[in-house]
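A quick write-up on the structure given underneath.
What follows is calculated from the coordinates using simple rules that are stated; it is not laboratory data. Because the structure is predicted, anything quoted here is derived from the model rather than measured. Using ideal geometry, Cβ is built from the backbone for each residue, glycine included, and neighbour counts are taken over all protein chains shown.
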Amino acid sequence: MDPQQPNNPLHGITLETMLNDLTVYFGWDMLGDLIPIRCFRTNPSISSSLKFLRKTPWARSKVEALYLKNFNKIQKSKKDE
């Protein structure tokens, strides 16, 4: 772990990685229900969602919070694949 950010659990994890993991784990429909933003509900794609999330801090923080809440489950499901 980087000594400059010892208490940051998201250090080294890109927004794209988080979004990919969340969409694999939940799917777009469930993700749109958990975080009700248009880019997850209407014609969703990774690229359009990344553009929106990079420009919208409140939405990005919701994605980060959901990722952190489910981090252990997501990592376990990735190992099981």
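Taken over the stretch 60-77, residues that are within 11 Å of LEU15 (Cα to Cα) and out of contact with any helix residue (DSSP H, G or I) (no Cβ under 8 Å at 6 or more places or on another chain) amount to 1. A single member of LEU31, LEU22 is within 13 Å of the chain's Cα centre (by Cα), touching a residue at least 40 places away in the same chain (Cβ under 8 Å) and within 24 Å of GLU81 (Cα to Cα), and it is LEU22. Between PRO57, PRO36, PRO9, the distinction of being touching a residue at least 40 places away in the same chain (Cβ under 8 Å) and not β-branched (Val, Ile, Thr) belongs to PRO9 only.
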